[in-house]
Amino acid sequence: MKRQIFALVFLCAAASVFAQEPAAGRGGGGGRGGGGGGRGPAQPPPLFFKEAWKEAPGNVPMTQDFVTNQELQVNLYGTGKEDFGVTSEGNVPHIWTGLCATACALTLSKKDSYVDLTGKAKIRWFTKVSGFHQVRPVLKLADGTWLVGDHVDANMVDYKESEFFLSEVRWLKLDIAKVQPKGDLLDKVDLSKVDAVGFIDLMPGSGHGSGGYDDVGWMEVYGKPVKRDAAN
């Protein structure tokens, strides 16, 4: 008799558990894999811009004329207008920093949009260096603050495609007039409204020949567009 009562209690408990099981567990569509209310993983940001430079006749000074994306404005920072060269040597149109007499930086900005570089925003670029030079990211925020990052690429053998998340980069403020970092690493930065994105070489170039320069081929920036104010 006791065994019969125990068996009856066990069957009732099992039926109760099954009745309370969520619909998602029985294919009802309410879980992460179904069409229910779960938000799922965050979507990566879209491609904000890509720039691959126009073919150049030899090695000539970089100007706006060599920017392929007509939505972009290029700006150069260094001691002279001809610090940056653009060349198609090696069958890869690229920016060359060999004539930079000091540190130098190049940025690109969209004429109608800032970019939100928070979350999974990233940069992907195609770079090569000579000597102990390094390619680093540089940003200009909407409030005029300049930042240089601790991420570096320094591929000396040949061009290499690489990418990195901006959220994983540590930043220093940058004196853009001197193209020099200043202060200590920042604990927190707000990258929700970035005016310009580019690269910087903190070492002077060594001129023609091997020894010291950056080659920067195409560059992609992934982030959410933020409409510029009418005043900007």
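The values are calculated or read from the model by the stated rules, or taken from the named source; none is laboratory data. For clarity, every value in this text was computed on a predicted model and none was experimentally measured. Reconstructed Cβ throughout: ideal geometry from the backbone, glycine too, with neighbour counts over all protein chains shown. Side chains are part of the model used for accessible areas, which takes the heavy atoms of the whole protein and leaves out ligands, DNA and RNA. Shrake-Rupley method; radii C 1.70, N 1.55, O 1.52, S 1.80 Å.
Data overview
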{"quantity": "Residue-by-residue Karplus 3J(HN,Hα) for the stretch 90-101, coefficients 6.51, -1.76, 1.60, Hz, glycine and proline x", "calculated": "x, 6, 10, x, 7, 8, 10, 9, x, 9, 5, 6"}
{"quantity": "Phi to ³J(HN,Hα) by Karplus 6.51 cos²θ - 1.76 cosθ + 1.60 over the stretch 51-59, Hz, x for Gly, Pro", "calculated": "9, 10, 6, 7, 4, 10, x, x, 10"}
{"quantity": "Gain in span if fully extended, K120 to K54, counting 0.36 nm per residue against the direct Cα distance", "calculated": "20.8 nm"}
{"quantity": "Compactness index (Cα Rg / 2.2 N^0.38 Å), the stretch 110-216", "calculated": "1.10"}
{"quantity": "Label zone at E163 (point 7 Å along Cα-to-Cβ), backbone N below 15 Å, the stretch 49-93", "calculated": "49-51"}
{"quantity": "Accessible area in square angstrom per residue, the stretch 60-107, 1.4 angstrom probe", "calculated": "44 Å²"}
{"quantity": "For the stretch 95-148: lysine pairs under 22 Å (alpha-carbon distance), excluding those fewer than 8 apart on one chain", "calculated": "7"}
{"quantity": "Per-residue SASA entry for E55, accessible area with 1.4 Å probe, Å² rounded to 10", "calculated": "130 Å²"}
{"quantity": "Cα centroid of the stretch 206-227 to Cα centroid of the stretch 150-194, whole Å", "calculated": "12 Å"}
{"quantity": "Taking the stretch 90-232 and dividing mean pair separation by its residue count, relative contact order in percent (alpha carbons under 8 Å, at least six apart)", "calculated": "44 percent"}
{"quantity": "Dimensionless Rg ratio for the stretch 152-197, taking C-alpha atoms and the 2.2 N^0.38 Å reference", "calculated": "1.44"}
{"quantity": "Whole-Hz couplings from phi, Karplus 6.51/-1.76/1.60, listed for the stretch 71-79; x for Gly and Pro", "calculated": "7, 9, 10, 9, 9, 10, 9, x, 8"}
{"quantity": "Three-way shape label, the stretch 74-140, alpha-carbon gyration tensor, a/c 1.5", "calculated": "prolate"}
{"quantity": "Accessible surface of the stretch 131-203, 1.4 Å probe, proportion on carbon and sulfur as whole %", "calculated": "48 percent"}
{"quantity": "Cα-based reach from K50 at 12 Å (exclusive), listing aspartates and glutamates while leaving out same-chain residues under 8 positions away", "calculated": "E71, E220"}
